[in-house]
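**Student:** Have a look at this one before I ask anything.
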Amino acid sequence: GWCPLSPTGAQTTQLLVQPPWRPAVLWDQVTLTCQGSGTAGATTWYKDGQRWGQEGLDHITVTKSGTYTCDRPDTGLSPPVHVVNATVVLQVPAWRLLEGDTVTLRCRV
């Protein structure tokens, strides 16, 4: 998994996915919400590493598969969220998992 490398207590930009499963599946009508400090409406979005035309919105509904990140002025770039267009997918909860956690897996078709 991905772990933020930041000083203890430092705020980072987070990209929340709804429904809260990963990988996110396009046919689930995925909503991404960018959370971080700074001016409201100052979010910059990236899709597949390229600046994407949803400037200023703090949340978006995804209509195309790809890798999404967002940037907030004071907290920087979020970890990526991958949205796939698959007919069968094995999903895990979107929150951070630690060794020893009991995990529910979902097989979606």
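The values are calculated or read from the model by the stated rules, or taken from the named source; none is laboratory data. Small disclaimer: the values here were computed from a predicted structure and weren't measured. Here the Cβ is made from the backbone with ideal geometry for all residues, glycine too, and neighbour counts use every protein chain on show. Heavy atoms of the whole protein, side chains included, go into the accessibility calculation; ligands, DNA and RNA do not. Shrake-Rupley method; radii C 1.70, N 1.55, O 1.52, S 1.80 Å.
**Student:** Output the number of the condition that G41 fails; it satisfies all remaining conditions of (1) surrounded by 13 or more Cβ atoms within 10 Å (Cβ to Cβ); (2) at positive phi.
**Tutor:** Here G41 clears every test but (1).
**Student:** Just the residues that are within 16 Å of the chain's Cα centre (by Cα) and of a type in the set (A, V, I, L, M), please, taken from region 55-109.
**Tutor:** Within region 55-109, L57, I60, V62, L77, V81, V83, V84, V92, A94, L97 meet the criteria.
**Student:** Among (1) in contact (Cβ under 8 Å) with a residue 40 or more places away in the chain; (2) outside any strand (DSSP E or B); (3) not polar (S, T, N, Q), which single condition is D71 missing?
**Tutor:** Only one criterion in (1) in contact (Cβ under 8 Å) with a residue 40 or more places away in the chain; (2) outside any strand (DSSP E or B); (3) not polar (S, T, N, Q) is unmet by D71, namely (2).
**Student:** Checking V62 against (1) at pLDDT 90 or above; (2) under 16 Å from P19 (Cα atoms); (3) open to solvent by 50 Å² or more (accessible area, probe 1.4 Å): exactly one of these is not met. Which one?
**Tutor:** (3)
**Student:** Got at least one residue in region 1-9 being modelled with pLDDT of 95 or more, closer than 26 Å to A86 by Cβ and open to solvent by 90 Å² or more (accessible area, probe 1.4 Å)?
**Tutor:** no
**Student:** Continuing with this model, one more query. Restricting the first residue to region 15-26 and requiring it to be under 13 Å from W95 (Cβ atoms) and in contact (Cβ under 8 Å) with a residue 40 or more places away in the chain, which pairs with a second residue that is outside any strand (DSSP E or B) and among the hydrophobic types (A, V, I, L, M, F, W, C) meet a Cβ separation below 7 Å and a spacing of at least six or different chains?
**Tutor:** If the second residue must be outside any strand (DSSP E or B) and among the hydrophobic types (A, V, I, L, M, F, W, C), the pairs left are V17/V30; V17/A94; P20/A94; P20/W95; W21/A94; R22/A94.
**Student:** Also, quick follow-up: Mind checking which residues of region 74-94 are of a type outside the set (D, E, K, R), in a loop (DSSP other than H, G, I, E, B) and either in contact with a Gly (Cβ under 6 Å, 6 or more places away or on another chain) or surrounded by 11 or more Cβ atoms within 10 Å (Cβ to Cβ) (or both)?
**Tutor:** Listed by number, the residues that qualify are T75, S78, P79, P80, N85, A86, A94.
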